[in-house]
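The block underneath contains the structure these notes are about, expressed in structure tokens.
The values are calculated or read from the model by the stated rules, or taken from the named source; none is laboratory data. No experiment lies behind these values; they were computed from the predicted model shown. FYI the Cβ positions are ideal-geometry reconstructions off the backbone, even for glycines, and counts take in every protein chain you see. SASA here: full protein model, heavy atoms, side chains in, ligands and nucleic acids out. Shrake-Rupley method; radii C 1.70, N 1.55, O 1.52, S 1.80 Å.
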Amino acid sequence: MLEKKDIELESAVIIGVVTKIQDEDKSKEYLDELEFLTFTAGGDVKKRFTQKMEMPNPKTYIGTGKMEEVRKYIHDNNIGTAIFDDELSASQERNISKILECKVLDRTNLILDIFAQRAQTSYARTQVELAQCEYLLPRLKGMWTHLERQKGGIGMRGPGETEIETDRRIVRDRISLLKDKIKVIDKQMSVQRGNRGKMVRVALVGYTNVGKSTLMNTISKSKVFAENKLFATLDTTVRKVVIQNLPFLLSDTVGFIRKLPTQLVESFKSTLDEVREADLLLHVVDISHPNFEEHIASVNKVLGEIDSSNKPTIMVFNKIDAYKAKPFDDTDLIAERTEEHYSLAEWKKTWMSRVGEDNALFISALNKKNLEDFKKRVYDEVRDIHVTRFPYNHFLYPDYDYDNMGEEE
């Protein structure tokens, strides 16, 4: 038998700010997400620190008093890592490291670390390494204290390349090499996509951890890795799916996240070619999350960046089994009823009813609730695309038949 091993989590503290742009509720939500990211990376958050400021301190991100409070807590509780909610500049990272005397990470660095853990294929590893190198380049001076300018004095004068310049050149050469490697892999993948013929392509898109891989497994009867962690899927997976007698290709793509690092968006644009070339998008949303509308906006923003916002899209509101409306007291005359008190039936009457005819579906991929309606909607849409592409094939695919679905289940 295999021995059970307890994985020791790295102790950490997380730090955020409350500003005019980012109020207390939003800051709390971002820190919740940062804590989940830390857990996914293998860390255990011992405490949160927040400070109200007009804008983050350009030298140390937070004020000197709060920084001293963080330093004292880290020293007293033997904390190994301090994680900041926003991207730190090279000088901020250097200044904070000197004060706290522990490992200092920002949100970008944390996401890059998770991506490095999850990358399985050569393509994903190459893209992650490229993003890491681009992130590392301006921070080289802050990472190693021995990389200082050449010192003066006897025997130290004259021409020569300093250590920091050497390291920068090595990283730049590596970035150039990785970009060339990605171009070669891109060419190979475009050939693979071309070999799939003219089958209709459907892509699952959405925020990270909304259940895309679980839905993929349920529909395609495959075993794509799915876990209740952020960025469980990093490599794009494509499976042939048949609903009744209609075949099409279904792609499971990397999830998006707010405050997504620029380097990752650039590096992973090629991974999102499956989305760019898809005929139909299934935008999966975790309706049980209190801020799912913000998640939708974040995904739409990235779709716009990769020129895919105008594609036919079906909104799939997943995890209806986990959705719970906040209780509202009708006897309280002061309290105001807001969206957090809406039932699913009330949500369906909001803007969701205006996204197009039958374009808002409410399902549970895990418990297989309302999957028949989902399959029918996808079948109808894929059939329309297929018949447009092959006008004489319409007789092959009759109307969706619920009775025959028992065999497939």
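A few points about this structure:
- Pairwise FRET efficiency - PHE395 versus MET55, Cβ, R0 = 45 Å, nearest 0.05: 0.10
- Links that overshoot a 25 Å alpha carbon limit, given the list LYS26/LYS326; LYS20/LYS319; LYS324/LYS376: LYS20/LYS319; LYS324/LYS376
- Among beta bridges that DSSP assigns inside the stretch 1-138, antiparallel share in %, nearest 5: 5 percent
- Neighbours of ARG71 by Cβ distance under 12 Å: Lys/Arg scored +1, Asp/Glu scored -1, total -1.
- Cut-off 20 Å (backbone N to label point 7 Å along Cα→Cβ of GLU24), residues of the stretch 76-92: 85
- In Å, descending, principal axis extents of the Cα set of the stretch 31-79: 30, 25, 16
- ALA345/ASP380 FRET efficiency (R0 22 Å; Cβ-Cβ; nearest 0.05): 0.40
- Heavy atoms of ASP44 accessible to a 1.4 Å probe, total area in Å² rounded to 10: 50 Å²
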